[in-house]
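The values are calculated or read from the model by the stated rules, or taken from the named source; none is laboratory data. Bear in mind that the values here come from a model prediction, so they are computed numbers and not experimental data. Here Cβ is always computed from backbone atoms with ideal geometry, including for glycine, and neighbour counts include all displayed protein chains.
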Amino acid sequence: MSDRRLEVGELSAGRGEKRYGVVEFPVQGQPYRLPLWLINGEEAGPTLVVTGGVHGSEYASIAAALNLGRSLDPKGLSGRVIVVPVVNLPGFAARSIYVCPLDGKNPNRVFPGDAGGTGTEQMADWVFRNVISQADYFVDLHGGDLIEALMPFTIFFRSGNVEVDERSLEMAKAFGIHYLVSSVNPGSTIAAASSVGIPAILTESGGQGIWTAEQVADHTNGLHRLMRYLEMIPGSAPEAASFTLLEQFLWARSEHEGFWYPQVAVGEAVYAGQELGCIKDWEGNVLQTGLSPGEGTVLFIVSSLAIHENDPLFAVGA
Ligand SMILES: [Zn+2]
């Protein structure tokens, strides 16, 4: 509740206060910098944690988190909000795709982290214990990476805790993006959060290094809708948005190094077994055909001609 101070590391905000600062903590013996906002509302209410930039080149999500941190006023706010616009600051600075340059690991595969692990794992451990664990509700903003075309969608995790999972699905509906996708894959921020009882969603909009006003608005409008739903900011409950619930999130990966030729666009309806692209060698011989693993909608597809072994190629929501 709002009569408590809001604190992350050395940064602290009393009731009715807003603070921006850069918190530092050791990762592999070096200081790791985490810029963030603490917005402690004048009125009591839940604690919402918003993160962006777990993948450092997903710009629509980072821009939206910056907008929220800069604009949210503790006056009129019921509850407390922590905004971390760029969790993976080394990745943002290096314009990395998928990974944190500290060790080349994908941060969204290592949560809740490991204090005795590699750099990304140590960072995830600190962020999970000191930031995400404070949440009553948690939103992690993402999008397509520099080489991914993407249809907006919201992921919620099926932890097996029915009450938490239902709250996560309600959050996803309130956020207002049309496609809702359930996930059971461990290691993500929302998997770690919901496994300790925190309702959580991961929202996706933007991609290919592009961050249009509309894509940023998918995230910012969603955050405002969610805060109205949670009665944290003034305004009526958000009008119900239409949605399609996709229970399967089916990925295809490359088995070769070579050249990737996508053959469909994001948002296209596809059938099981349909060829969505192929990988060729230098001479044009087909090394692998990317077949749709199910009937559904193409949610993202890699647009890079250069492809490595084990890279994602596309995902279909079914
Ligand atoms: Zn991402």
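Listed values, structure above:
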quantity: Answer residue from segment 1-22, given it is of a type in the set (A, V, I, L, M, F, W, C) and more than 25 Å from the chain's Cα centre (by Cα) and is modelled with the lowest pLDDT among those; calculated: Met1
quantity: Failed condition for Phe92, given (1) closer than 25 Å to Tyr20 by Cβ; (2) buried (at least 19 other Cβ atoms within 10 Å of the Cβ); (3) of a type outside the set (D, E, K, R); (4) in contact with a strand residue (DSSP E or B) (Cβ under 7 Å, 6 or more places away or on another chain); calculated: (4)
quantity: Segment 131-148, residues that are within 16 Å of the ligand (Cβ to nearest atom) and either over 18 Å from Gly53 (Cα atoms) or aliphatic (A, V, I, L, M) (or both); calculated: Ile132, Val139, Leu141, Leu146, Ile147
quantity: Scan of segment 172-198 for residues that are farther than 19 Å from Trp251 by Cβ, more than 14 Å from the chain's Cα centre (by Cα) and not polar (S, T, N, Q), ordered by number; calculated: Lys173, Ala174, Gly176, His178, Val196, Gly197, Ile198
quantity: Residues being assigned to a loop (DSSP other than H, G, I, E, B) and closer than 19 Å to Phe156 by Cα - total across segment 301-318; calculated: 1
quantity: Subset of segment 149-174 (residues that are within 16 Å of the ligand (Cβ to nearest atom) and in contact with an Asp or Glu (Cβ under 9 Å, 6 or more places away or on another chain)); calculated: Leu150, Met151, Pro152, Phe153, Thr154, Ile155, Phe156, Phe157
quantity: Counted residues, segment 151-176 - those being among the β-branched types (Val, Ile, Thr) and buried (at least 23 other Cβ atoms within 10 Å of the Cβ); calculated: 2
quantity: Flag for Glu255 being farther than 26 Å from Lys105 by Cβ, surrounded by fewer than 18 Cβ atoms within 10 Å (Cβ to Cβ) and either not assigned by TED's automatic domain parsing to the domain that holds Gly176 or not aromatic (Phe, Trp, Tyr) (or both); calculated: no
quantity: Per-region count, segment 217-246, residues aliphatic (A, V, I, L, M) and either surrounded by fewer than 22 Cβ atoms within 10 Å (Cβ to Cβ) or not assigned by TED's automatic domain parsing to the domain that holds Thr51 (or both); calculated: 8
quantity: Only one of Asn130, Asn67 that is under 25 Å from Gln208 (Cβ atoms) and either of a type in the set (S, T, N, Q) or surrounded by 23 or more Cβ atoms within 10 Å (Cβ to Cβ) (or both); calculated: Asn67
quantity: Which listed residue, of Pro107, Pro152, Pro101, is in contact with a Pro (Cβ under 9 Å, 6 or more places away or on another chain) and closer than 30 Å to Trp260 by Cα; calculated: Pro101
quantity: Hey, Ala252 modelled with pLDDT of 95 or more, of a type in the set (A, V, I, L, M), under 27 Å from Ser57 (Cα atoms) and not in a strand (DSSP E or B) or not; calculated: no
quantity: Complete set of residues in segment 95-121 that are surrounded by 24 or more Cβ atoms within 10 Å (Cβ to Cβ) and among the hydroxyl-bearing types (Ser, Thr, Tyr); calculated: Thr120
